[in-house]
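Working notes for the structure below.
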Amino acid sequence: MGQLIVNGLTTGMILALPALALALSFSVLRFANYAIGSYVTVGAFVTWWANVALGLPILAAALAGTIAVAALAVMIDWLVYRQMRERSGLTLLVASMGVAIALENVVRLFAGNSPRSFDVPVARPQRFWDIRVNQEQLIILITVVSALILVWLIFRFTRLGRAMRAVADNSALASVRGIARGRVIAAVWVISGALAALAGVLIGLDTSIEPQMGWNYLLPVFTAAILGGIASPMAAVAGALVLGLAEEISTLFLPPHYRMIVAFSIMAALLMIRPWGLFGTKWVQR
């Protein structure tokens, strides 16, 4: 049971980054960015290219991948979403589906369909009683906690964070008070893209890298964001941890390849009973 809890927390921490990215973009722009899974994939492949093809250490390669996807997210917003800013969330959701399909096919075009892995040294797992903790899990823990603390500090103590909260609460009023909505939106995409790319790197370290990796995580990411509270970014992190634990513990009575049923069941139940999430608050669509 202890091993399942460790594995579940690892899964939850990986989900926490893209779930936070999804909830952040939703809270400010009021649409669910379906392309978040593609950002995960692109981030993993850019990092792999920098690590394997260019020979950069994994830390430098991850930094390159994170910056590249952050810039890509801003560029896509400028080219696609900016033109539809005042339209409904459904229109933007459909547009993000098109972005996701385009990005995945670009990855397939240049990288093919074969799975691959980072060039990192192999290390023996550490044992604590009957619980095995490998090096990748420790890296995931340190990386995710550091990223979440940084994002929380930005939200809580910076002018940018206050501007994000103001735009999320009432975009029109924020504009009247002199907050540059365009800059806030650009910052949201930078943070969202960076978090998604970082998640792709961690997934690649934990399993492998392949063009479908973002798609495979898309349902759990949406479920985690909805479970925590898709309009409350930091609550989505709690939702990710709860979902990760639920999926791992479900393997006690379900085959491992049926874990996706758990995510789908939780999301369906929440959408019917408590659509604002377990840890979020009710929000009014304006």
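What follows draws every value from the coordinates through simple rules; no lab data is involved. What you see is a predicted model; the values in this text were computed from it and never measured. Please note: Cβ atoms are built from the backbone with ideal geometry, for glycine as well, and neighbour counts cover all protein chains shown.
Below are the figures for this structure:
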| quantity | calculated |
| --- | --- |
| Relative packing of 172-178, 48-54, which averages over residues the other C-beta atoms within 10 Å, highest first | 48-54, 172-178 |
| Contour excess over end-to-end distance, with Cα ends at Arg124 and Leu79 and 0.36 nm allotted per residue | 11.6 nm |
| Total formal charge among the other residues, if their Cβ is under 12 angstrom from that of Ser114, Lys/Arg +1 and Asp/Glu -1 | +1 |
| Chymotrypsin sites (Phe, Trp or Tyr not before Pro) within segment 81-157: DSSP coil, no more than 12 neighbouring Cβ in 10 Å | Trp129 |
| Between helix 135-157 and the chain: long-axis angle, C-alpha atoms, 0 to 90°, nearest 10 | 20 |
| Cβ-defined net charge surrounding Ile185, 11 Å radius [Lys, Arg +1; Asp, Glu -1] | +3 |
| Karplus-derived 3J(HN,Hα), 6.51/-1.76/1.60, for each residue of segment 208-214, Hz, glycine and proline x | 8, 10, 7, x, 8, 4, x |
| Angle in degrees between helix 36-48 and the longest Cα principal axis of the chain, rounded to the nearest 10 | 50 |
| Convex hull of segment 2-273 built on C-alpha atoms - directionally averaged projected area, nm² | 15.0 |
| Approximate spin-label separation Met97-Ser146, in nm, with each point projected 7 Å along Cα-to-Cβ | 3.9 |
| Gain on full stretching of the segment that runs from Ala186 to Gln212 - 0.36 nm per residue minus C-alpha separation | 6.6 nm |
| Net lengthening on full extension, Phe110/Val176 (0.36 nm per residue, minus Cα-Cα) | 19.2 nm |
| Calculated FRET efficiency for the pair Arg132/Tyr258, C-beta based, R₀ 25 Å, to 0.05 | 0.60 |
| Counted charge near Ile203, where neighbours are those whose Cβ lies closer than 13 Å (Asp, Glu -1; Lys, Arg +1) | -2 |
